[in-house]
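Asker: Sharing a structure here in structure tokens format.
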Amino acid sequence: MSNSPAGTPLGSPIAFPLAVITVSERGAINVSCNGNDFPPPTPDAPWSRARFGDLLDAISEHRSHTVRVEVHEFDGSVFTDIVHAVRREQAIADVQSPSTMRRARHRPTDQLIEVTGSGFVPGEDVTVALSVSSAEGSADGSARAVIDMSQLVDHRSEILLIGRVSGVIVTESLPS
């Protein structure tokens with residue numbers, strides 16, 4: 001059996017640490033990583049939706065490790081994603097270049113657009129998503145999409161507002 005450059009036999013599955021995030025109806029978050037509790041750094045600041053970015057940073061050790069994340073919402077929906085580690089060279093470049101952050105803060109405001117919609121439940125979480133393509137459901141009720149990464153900068157895309165409780169979906173085309 002041949003080995004890849006990293007020493008892993010070709011065809012072997014890659015196992016990432018698994019973080020399971022369970023969200024209660026009130027937004028409280030319980031976290032486990034590889035089956036072990038993953039408490040917040042300080043007991044007086046529990047994990048919450050508002051601290052979700054901090055949580056992902058903590059789980060991935062500030063993006064130094066790739067982690068598979070499963071989010072279990074109180075309504076029964078489950079979302080899965082991979083939080084990728086940042087390449088070491090990129091992390092060093094980001095630390096050495098604070099001008100990158102200054103440029104991001106001083107972007108022209110004409111790059112901002114507003115998307116509004118109605119029909120949502122007051123206070124519900126609304127997901128903002130970028131539609132890059134669409135897929136058709138198969139006879140068994142599943143769907144599969146293959147994404148061309150170059151589509152992510154395609155200005156023909158749509159922005160979607162998706163109500164997590166109401167199920168309302170509002171779409172708006174990006175301006176050309």
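Asker: Can you tell me the length gained on complete extension of the stretch Glu124 to Asn36, counting 0.36 nm per residue apart and subtracting the Cα distance?
Answerer: 28.7 nm
Asker: Could you line up Asp57, Asp37, Asp44 from fewest to most neighbouring Cβ atoms inside 10 Å?
Answerer: Asp44, Asp37, Asp57
Asker: Rounded, prolate or oblate, given the Cα gyration tensor of the stretch 18-83, with a/c below 1.5 counting as rounded?
Answerer: Note, shape of the stretch 18-83 comes out oblate.
Asker: Also, I was wondering about something else. Can you tell me the FRET efficiency between Glu70 and Val146 if r is taken as the Cβ-Cβ distance and R0 is 22 Å, rounded to the nearest 0.05?
Answerer: Computed FRET efficiency for Glu70 and Val146: 0.45.
Asker: At R0 = 30 Å, how high is the FRET efficiency between Val165 and Ala45 if r is their beta carbon distance? Nearest 0.05 is fine.
Answerer: After rounding, the FRET efficiency stands at 0.70.
Bear in mind these aren't lab numbers, they're just calculated from the coordinates by the rules spelled out. Just so you know, these numbers come straight off a predicted model, no measurement behind them. Cβ sites come from the backbone with ideal geometry, for glycine too, and all protein chains shown count toward neighbours.
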